[in-house]
Amino acid sequence: MTDIEPLNTEGKKVKITQKVKEVIVKETVNKEVAKRKKWAKFGAEKNAAPGPDFRTTQVGEPVYLRLGTAWKALEKEEEEKSAQEAAKTNTYQRIKCRTCGGAHYTAKCPHKETLGGDPAIGGGASGSPAPEDSGASGAAGASASAAAAGKYVPLHIRNRAAGIEPEKRGDRDDSNTLRVSQLNEIVTEQMIRNELFANFGPLARVNIVRNRETGRSKGLAFVQFHTESAAQRAMEALNGRGYHSLILQVEFSKPKR
Amino acid sequence: MRPLLLKGHERSLTQVKYNREGDLIFTVAKDKEASVWYSFNGERLGTFSGHGGTIWSIDVDQKSELLLTGSADFSVKLWNVSNGENVFTWSCVSPVRRVEFNPSNDKFLAVMDAVMGHKGDISVFNINKETPTKQDEEPILVIPTYEGLERVSVAGFSYLGKYIIAGHQDGTVSKYDAKTGEFINSVKVHEGLVTDLQFSEDRTYFITSSKDKSSKILDVDNLNILKKFESDSPLNSAAITPLKNFVVLGGGQEARDVTTTAANQGKFEARFYHKIFEDEIGRVKGHFGPLNYIAIHPKGTGYASGGEDGYVRVHNFDKSYFDFKYDVEITAEAAAASKENNQD
């Protein structure tokens, strides 16, 4: 025990003494019993390995013996309690979704696509109502109104029409933005807003990177949140999650320097 | 407490017994093999095979060297406990319902069933302990069923092997001199078949169980009923616990009636009664068939029960079992202690 000598705050060696007390516990066993423990097995157990065989010997469920003259009353009380509990669970909820905790089958969960099968976020999601289109008044809303008017609005003006000034790329704050890669090509901004990130609070901006010529998605999207904590929560929940047969990769978008 | 479940028999258990030290458990069932188990971990040490029918009864001697089994194949077999070897076989006139050594282990009794014209009897045989393979074929004593009584169902030796106490089908308990076989007296104790008869540690009193749903403690000398335990289902077995003043009763609805009633009505529980106050003080659940036999660890630290369901359940009592006392007991003890202090 002396190979490492600890130093104190002044850098000096300190001697540490350790006392060990040895306690000998003696167990007396009947001689005959000890002898019998060494007997070789015979009959159907001949040549069997030592120790109990799980086929013939099992440990049962715990049973309780509560001694007392009032045991009948105690037992009755307990039975009633368990009966009540059983009744409660029967009337309240027979089916419970593993994803969101709702009263439906897990396979039929409306949040199946977004939440996959994680009970941890399931609880949070069911608690806060999905902010359907409240944050989607940006590009989608504008284009919808423009479509209703039957007039073509050029893409770069659409946002302006909704009253949001497009920021210059350089001075945009990217601290609340998530970079979502490995997206399926078929995924649109709307799907991201209404399905994928529906449960994580309103989104400030959703942008899918597309090929300039063909308009095909490059499988990459930037999602901006209003708060960093919401972004963090969404990243933790969705990173590594499957969505439209691809496994999402979600991380904080790194601002270009 | 977590019981050990021993599943070595394919059919319902008929008898379960501890040896003197309580380290071995012997079990017999309606299949043709007897088993021996270590009680501390439930490991099976071996089986005794050779019988051709249900084994109704088993008994082991004080030294755990010789083992007796009585079977429905009209025979009693003597076994070597340590290696499972069958050392001798007595062929009998009818099925053997119960075998038991006398306290000094030089004799044993076998209860013969009343079948095929045979009236039933208690036969007492000598045991040659020196050379177990050479035994006297003939019983030294045959006590036929006493006139006016129905067949004997259970029997055992009293203290010092002085008397033989027998329980009858009609609920009578009778007493005989173990040397001469002379009938001494009989008492009508139960309304139905006496299913079990187990002695106290010193063999001066015994407990009976009956199909009439009651159990009684009688003393050997006068056959007076000392205590009475009422239950709500037919009883198959009763045992007296050493260490604590309890008795354990086992039984339950008849196996043939199980399908005609609700499952929770089965009452397949071991019931604990206080030996002195005669109150029921607790139950242990577990079996899903009637309990056929209850054996208490000779040191009073646990018990084993064999059921119609084919399981043997071995229980070791929790601390609360040993601590349990009636309020009157506690106050009496406190009073005695304070008295002692005053004297000092």
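Being basic (Lys, Arg), outside any strand (DSSP E or B) and open to solvent by 20 Å² or more (accessible area, probe 1.4 Å) is the requirement here; does A:ARG205 meet it? Answer is no for this residue. Count of the range A:94-115 residues, restricted to those that are modelled with pLDDT under 70 and exposed (fewer than 12 other Cβ atoms within 10 Å of the Cβ), is 1. Looking across B:ASP106, B:ASP61, one residue alone is within 17 Å of B:GLN15 (Cβ to Cβ) and either free of Cβ contacts under 8 Å to residues at least 24 places away in the same chain or among the acidic types (Asp, Glu) (or both). It is B:ASP61. Restricting the range A:49-75 to residues that are farther than 29 Å from B:GLY310 by Cα and not in a loop (DSSP other than H, G, I, E, B), the residue that is farthest from the other protein chains (Cβ to nearest Cβ) is A:ALA73.
What are the pairs with Cβ atoms under 7 angstrom where one residue, in the range A:197-223, is at positive phi and the other, located anywhere, is among the hydrophobic types (A, V, I, L, M, F, W, C) and open to solvent by less than 30 Å² (accessible area, probe 1.4 Å)? Sequence gap at least six, or different chains. So the pair list comes out as A:GLY201/A:PHE225; A:GLY201/A:ALA230; A:GLY219/A:LEU183. Highlighted here are the strands (runs of 3 or more DSSP E) found entirely within the range B:156-267 that include at least 3 residues which are closer than 24 Å to B:TRP56 by Cα: B:163-168, B:172-177, B:194-199, B:205-210, B:214-219, B:235-240, B:246-251.
No other residue among A:LYS38, A:LYS46, A:LYS21, A:LYS31 is over 24 Å from B:SER82 (Cβ atoms), among the charged types (D, E, K, R) and more than 7 Å from chain B (Cβ to nearest Cβ) apart from A:LYS21. Looking only at the range B:22-70, residues that are over 18 Å from B:ASN292 (Cβ atoms), among the β-branched types (Val, Ile, Thr) and out of contact with any helix residue (DSSP H, G or I) (no Cβ under 9 Å at 6 or more places or on another chain) come to 1 in all.
Residues to consider are B:GLY50, B:GLY22, B:GLY42; find the one that is open to solvent by less than 30 Å² (accessible area, probe 1.4 Å), in contact with a strand residue (DSSP E or B) (Cβ under 6 Å, 6 or more places away or on another chain) and either of a type in the set (A, V, I, L, M, F, W, C) or modelled with pLDDT under 95 (or both). Step by step, each of B:GLY50, B:GLY22, B:GLY42 is checked, and only B:GLY42 is open to solvent by less than 30 Å² (accessible area, probe 1.4 Å), in contact with a strand residue (DSSP E or B) (Cβ under 6 Å, 6 or more places away or on another chain) and either of a type in the set (A, V, I, L, M, F, W, C) or modelled with pLDDT under 95 (or both). Residues that are touching a Lys or Arg at 6+ places or on another chain (Cβ under 7 Å) and either without any contact (Cβ under 8 Å) to a residue 60 or more places away in the chain or over 22 Å from B:THR204 (Cβ atoms) (or both) within the range B:162-179 comprise B:TYR163, B:ILE165, B:HIS168, B:GLN169, B:GLY171, B:THR172, listed in sequence order. Among the residues of the range B:1-55, the one identified as more than 29 Å from B:MET112 (Cα to Cα), more than 7 Å from chain A (Cβ to nearest Cβ) and of a type in the set (Gly, Ala, Ser) is B:SER39.
Checking the stated criteria, A:ASN199 turns out to be surrounded by 15 or more Cβ atoms within 10 Å (Cβ to Cβ) and more than 23 Å from A:HIS156 (Cβ to Cβ). Name the residue that is surrounded by the most Cβ atoms within 10 Å (Cβ to Cβ), counting only residues in the range A:182-196 that are in a loop (DSSP other than H, G, I, E, B) and among the β-branched types (Val, Ile, Thr). The qualifying residue surrounded by the most Cβ atoms within 10 Å (Cβ to Cβ) is A:VAL187.
Condition check for A:ARG36 on (1) closer than 22 Å to B:LEU6 by Cα; (2) outside any helix (DSSP H, G or I); (3) at pLDDT 90 or above: one failure, at (2). In the range A:10-33, is there at least one residue being of a type in the set (Lys, Arg), surrounded by 10 or more Cβ atoms within 10 Å (Cβ to Cβ) and either assigned to a loop (DSSP other than H, G, I, E, B) or touching a residue at least 24 places away in the same chain (Cβ under 8 Å) (or both)? Within the range A:10-33 (the criterion being of a type in the set (Lys, Arg), surrounded by 10 or more Cβ atoms within 10 Å (Cβ to Cβ) and either assigned to a loop (DSSP other than H, G, I, E, B) or touching a residue at least 24 places away in the same chain (Cβ under 8 Å) (or both)), the answer is no, since none of the residues qualifies.
Taking the range B:58-67 as the range and being buried (at least 24 other Cβ atoms within 10 Å of the Cβ) and away from chain A (no Cβ under 13 Å) as the test, only B:ILE58 passes. Being of a type in the set (S, T, N, Q) and surrounded by 20 or more Cβ atoms within 10 Å (Cβ to Cβ) is not true of B:SER200.
Looking across the range A:220-229, the residues that are at pLDDT below 90 and surrounded by fewer than 18 Cβ atoms within 10 Å (Cβ to Cβ) come down to A:HIS226, A:THR227, A:GLU228, A:SER229. Restricting the search to the range B:313-334, which residues are hydroxyl-bearing (Ser, Thr, Tyr) and either touching a residue at least 60 places away in the same chain (Cβ under 8 Å) or facing chain A (nearest Cβ under 9 Å) (or both)? Within the range B:313-334, B:SER320, B:TYR321, B:TYR326 meet the criteria. Within the range B:290-344, restricting attention to residues that are of a type in the set (D, E, K, R), closer than 23 Å to B:LEU6 by Cα and in a loop (DSSP other than H, G, I, E, B), which residue is least open to solvent (accessible area, probe 1.4 Å)? Among those residues, the one meeting the criterion is B:ASP309. Considering only residues that are more than 10 Å from chain A (Cβ to nearest Cβ) and acidic (Asp, Glu), look in the range B:277-312 and name the one that is farthest from B:ALA29 (Cα to Cα). Only one residue fits best here, namely B:GLU278.
The values are calculated or read from the model by the stated rules, or taken from the named source; none is laboratory data. Fair warning: this is a prediction, and the values are worked out from it, not measured in the lab. Reconstructed Cβ throughout: ideal geometry from the backbone, glycine too, with neighbour counts over all protein chains shown. All accessible areas refer to the heavy atoms of the entire protein, side chains included, with ligands and DNA or RNA removed. Shrake-Rupley method; radii C 1.70, N 1.55, O 1.52, S 1.80 Å.
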